[in-house]
Amino acid sequence: MRAGRPLANELAKRFKTVAREIERSCDLVEGNMPVSLASLKLDALFQSVAEYYFTGTRGRDLIGDEDTFGGLAYSAYVAVLTALAARGHRHLADVSALRIRYPDADLRTLLTTLVEKRTLIEHVHLITDLPHEVIEQALESMTLTGKNADLHLGHEEGCWAPLIETNAEWLIAPLFGLEANPFMFLLRDLRFRYPSEWFEAANRREKRWLEELELEFARDGIRTNAKCAKLKRDGKVVTDVDYAVYEPATNELTVFQLKWQQLVSGDNRSRRSLGKNLIEECNKWIDRVSDYAQDFGTDALARVLGFSTPEPPQLRLMVVARYHAHFSGYADHDRRAVWTSWDNLRKALRNVRKGTVRQVMAFCARNERDQRGVFKPESFAFPVADLGVMLNPTREPHA
């Protein structure tokens with residue numbers, strides 16, 4: 001659990017109170033198969049653990065809860081996945097207890113369980129109260145089968161399956177499939193199983209993010225513009241502004257570039273592509289907004305954004321990436337803007353509740369800098385024949 005947060009601390013305390021009950025409720029049968037007694041009390045605890053675990057999981061918010069796939073709301077898929085995660089968290093606690101009692105037991109065998117599909121559906125039903133047919137449909141997008149094996153196993157961006165089908169009646173439930181971001185598997189499956197519904201949901205993302213920003217910036221003395229504004233030069237659009245905030249008290253105008261991102265895991269090519277595209281596109285945006293403000297004045301920019309100012313305001317730029325604003329190997333960020341992630345911006349807004357946007361941006365910049373400073377790999381070059389090899393480069397050299 002993530003330490004230092006009130007809910008995490010509360011769950012940790014609750015776990016300590018039931019540790020002995022967990023030890024008593026689990027055992028091995030036939031030498032190596034873990035089993036545990038049903039317990040509503042333990043199920044409720046681990047359901048809370050799973051819900052907390054998913055609040056910070058990347059990709060959980062890529063789709064809105066109200067979006068539908070195959071007639072089911074995304075919230076139903078999340079509810080089923082959360083119940084599976086709760087089951088997995090309890091099993092992990094059982095394994096920890098069993099390893100102490102049976103130190104010679106094979107760990108891989110303990111971590112992987114075999115479960116009857118109808119038993120699992122009934123278990124999820126008792127936790128979520130969803131109809132059995134809804135649970136069965138949702139599980140199809142969380143299970144690796146012969147029908148979707150090419151999609152998930154042949155993809156360059158690998159991800160672990162929450163469940164693996166062995167036959168029509170039985171499933172393998174590997175714990176690592178629930179620990180290593182199960183949303184990657186679920187979202188990929190939904191995207192290819194329901195392409196038209198995925199496209200519609202993707203088109204609603206920006207509106208949803210703007211609504212979240214409006215809630216975060218609902219403060220006295222702040223005006224906002226959540227309508228995408230086009231900046232034109234000689235009648236042609238040169239760029240746009242996704243979101244803007246104006247503070248009359250300080251006469252400061254902050255404009256935002258918002259960047260949704262797809263999930264990446266361990267595939268270096270996908271990660272490099274994501275980092276390169278983010279920096280190149282946002283650096284161009286910074287150039288174009290800065291040039292527009294220089295040529296036409298920040299007061300003209302404010303008018304385009306719907307703000308009336310007594311004099312040209314001071315302009316500030318901010319790039320907000322939904323998940324990651326910094327990537328190893330790419331350090332060419334244009335420093336005329338503050339670059340941050342959505343999570344970091346929300347953290348700043350919580351910590352600077354009554355401050356100015358400038359103070360919020362300063363918090364973001366400081367927090368990002370502190371995070372990057374936690375780990376500083378040594379970077380150096382050495383020769384290999386006629387080649388110079390750079391180990392741990394801070395940026396990718398241009399061709």
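Annotations
- The portion of the accessible surface of the range 1-106 made up by carbon and sulfur, rounded to a whole percent, is 56 (1.4 Å probe; DNA, RNA and ligands excluded).
- Dipole-positive endmost among Pro34, Ile172, Leu301 within the chain (Cβ charges, Cα centre): Leu301
- If R0 is 51 Å, the Cβ-Cβ spacing of Cys228 and Lys41 corresponds to a FRET efficiency of close to 0.55.
- Antiparallel beta bridges, as assigned by DSSP with both residues in the chain, represent about 70 percent of the total such bridges.
- Calculated volume of the Cα convex hull per residue in Å³ (choose from (1) 235; (2) 280; (3) 200), label: (3)
- Taking all Cα pairs closer than 8 Å and separated by 6 or more residues, the relative contact order of the chain comes to 10 percent.
- Partner lysines for Lys276 [C-alpha distance under 27 Å; skip if fewer than 8 residues away on the same chain]: Lys207, Lys230, Lys232, Lys236, Lys259, Lys284, Lys347, Lys376
- Tilt relative to the chain, helix 40-55 - C-alpha long axis, 0 to 90 degrees, to 10: 30 degrees
- Distance between modelled label sites at Leu7 and Tyr102, nm, 7 Å Cα→Cβ extension: 3.5 nm
- Calculated on alpha-carbon atoms, Rg and Dmax of the range 199-295 in Å: 15.9, 47
- Å² per residue, accessible surface of the range 97-167 at 1.4 Å: 59 Å²
- If R0 is taken as 25 Å, the Cβ-Cβ distance between Thr55 and Asp370 corresponds to a FRET efficiency of 0.65.
- Protection proxy ranking, highest mean first, for peptides 83-89, 313-319: 83-89, 313-319, where packing is the per-residue count of other beta-carbon atoms within 10 Å, averaged.
- About its Cα centre, the dipole of the range 122-268 is roughly 940 debye, where the only charges are +1 on Lys and Arg Cβ and -1 on Asp and Glu Cβ.
- Calculated mean residue ellipticity at 222 nm for the chain: -15500 deg cm²/dmol, from DSSP H runs with n ≥ 4 weighted as -39500 (n - 2.57), summed, divided by the residue count and rounded to 500.
- For the chain, the Cβ-based charge dipole about the Cα centre amounts to some 1320 debye (Lys, Arg positive; Asp, Glu negative; other atoms uncharged).
- Amide proton proximity set for Lys232, modelled H, under 5 Å, gap of 5+: Val238
- In order along the range 157-170, the phi-based Karplus estimate (6.51 cos²θ - 1.76 cosθ + 1.60, θ = phi - 60°) of 3J(HN,Hα) comes to 9, x, 8, 8, 8, x, 9, 10, 7, 9, 7, 5, 10, 10 Hz; Gly and Pro are listed as x.
- Estimated dipole of the range 71-124 in Debye, rounded to 20 [Cβ of Lys and Arg +1, of Asp and Glu -1, Cα centre]: 60 debye
- Rounded if a/c under 1.5, otherwise prolate or oblate - the range 1-148, Cα gyration tensor axes: oblate
- Rounded tilt (10° steps) of 183-193 against the dominant C-alpha axis of the chain: 80 degrees
- Angle in degrees between helix 74-101 and the longest Cα principal axis of the chain, rounded to the nearest 10: 50 degrees
- Taking 0.36 nm per residue of sequence separation and removing the Cα-Cα distance, the Phe296/Lys284 pair yields an extension gain of 2.5 nm.
- Shape of the range 70-148, Cα gyration tensor, a/c cut at 1.5: prolate
- Protection proxy ranking, highest mean first, for peptides 104-112, 326-334, 340-348: 340-348, 326-334, 104-112, where packing is the per-residue count of other beta-carbon atoms within 10 Å, averaged.
- Whole-Hz couplings from phi, Karplus 6.51/-1.76/1.60, listed for the range 198-206; x for Gly and Pro: 5, 4, 5, 5, 4, 5, 8, 4, 4
- The overall shape of the range 3-47 is prolate: from the C-alpha gyration tensor, with semi-axes ordered a ≥ b ≥ c, the ratio a/c is 1.5 or greater and a/b exceeds b/c.
- In this rough spin-label picture, where each label sits 7 Å from Cα along the Cβ direction, the Trp170-Ser270 distance is 3.1 nm.
- Computed with every protein chain present, the accessible area of Cys228 is close to 60 Å² [probe 1.4 Å].
The values are calculated or read from the model by the stated rules, or taken from the named source; none is laboratory data. Computed from a prediction, not measured in an experiment: that's the story for all the values here. Heads up, the Cβs are rebuilt from the backbone with ideal geometry, glycines too, and the neighbour counts pull from every protein chain shown. All accessible areas refer to the heavy atoms of the entire protein, side chains included, with ligands and DNA or RNA removed. Shrake-Rupley method; radii C 1.70, N 1.55, O 1.52, S 1.80 Å.
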